[in-house]
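Chemist: Here you go, one structure.
The values are calculated or read from the model by the stated rules, or taken from the named source; none is laboratory data. If you're wondering where the values come from, they're calculated on a predicted model, not measured in any experiment. FYI the Cβ positions are ideal-geometry reconstructions off the backbone, even for glycines, and counts take in every protein chain you see. Remember, those area values only see protein heavy atoms, side chains included, never the ligands or the DNA or RNA. Shrake-Rupley method; radii C 1.70, N 1.55, O 1.52, S 1.80 Å.
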Amino acid sequence: MPDAEGTIPAENQEALERAHARATLAKVDLLKRADMLTGAQLAERLGLTRATVDKRRTEGKLLALDFGTKRGFRYPAWQGGLVQDAEARATFEQVLRSLGEEGVWSRYRFFTQATPALGGVSPTEALCAGRRMRPALCPTAPLHQQGRTWPREDRRPSLPAFSWKVHRPE
């Protein structure tokens, strides 16, 4: 906790620095995994040009994690299946757009973290398995009422709260 003047005690500052270093290593390890594709790799998988993949990224239609200025972006491979299915892509893009104000790592966690609202699977797993869902944006509902679990750093009022409704054809 900062003191009355806003200064963080030295032992806490050191702990924060160690935690930040661990987080940076974890991000680098994640970005080096085989299921994190370059723009060229995703383009080849989707039968698109790299420029089209980049355009979709800048339009907020693809999720890309920054791997540093020299290494570019990495795209989670699971997006390949989602963007080829029109209904899954529409849901994915709608939610991605709604989360646009959040940091890219928060958006990545949202799609990859299991949630009780989806029976203990992540939104990505559910969409890739062909489950048809509609996200319902509930900006005033607290996150704990939405059946989602988030790391403490994301428990802030500005984060849009989604509940997932399984779509059952009428």
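Chemist: Provide a single number: the residues in segment 72-84 that are without any contact (Cβ under 8 Å) to a residue 40 or more places away in the chain and either surrounded by fewer than 15 Cβ atoms within 10 Å (Cβ to Cβ) or within 13 Å of the chain's Cα centre (by Cα) (or both).
Modeler: So the count comes out to 4.
Chemist: Could you list, in sequence order, the residues of segment 99-125 that are part of a loop (DSSP other than H, G, I, E, B) and among the small types (Gly, Ala, Ser)?
Modeler: Within segment 99-125, Gly100, Gly103, Ala114, Gly119, Gly120, Ser122 qualify.
Chemist: Next up: What are the residues in segment 85-142 that are in contact with a Pro (Cβ under 9 Å, 6 or more places away or on another chain), open to solvent by 50 Å² or more (accessible area, probe 1.4 Å), modelled with pLDDT under 80 and farther than 16 Å from Arg57 by Cα, if any?
Modeler: Arg132, Leu137, Pro139, Pro142 - these are the residues of segment 85-142 that are in contact with a Pro (Cβ under 9 Å, 6 or more places away or on another chain), open to solvent by 50 Å² or more (accessible area, probe 1.4 Å), modelled with pLDDT under 80 and farther than 16 Å from Arg57 by Cα.
Chemist: Given segment 1-67, what helices (runs of 4 or more DSSP H) lie entirely inside it while holding 3 or more residues that are surrounded by 13 or more Cβ atoms within 10 Å (Cβ to Cβ), without any contact (Cβ under 8 Å) to a residue 12 or more places away in the chain and not aliphatic (A, V, I, L, M)? Spell out how you get there, then give the answer.
Modeler: Numbers: elements: 10-32, 39-46, 50-58.
Once the helices (runs of 4 or more DSSP H) in segment 1-67 are filtered for at least 3 residues that are surrounded by 13 or more Cβ atoms within 10 Å (Cβ to Cβ), without any contact (Cβ under 8 Å) to a residue 12 or more places away in the chain and not aliphatic (A, V, I, L, M), what remains is 50-58.
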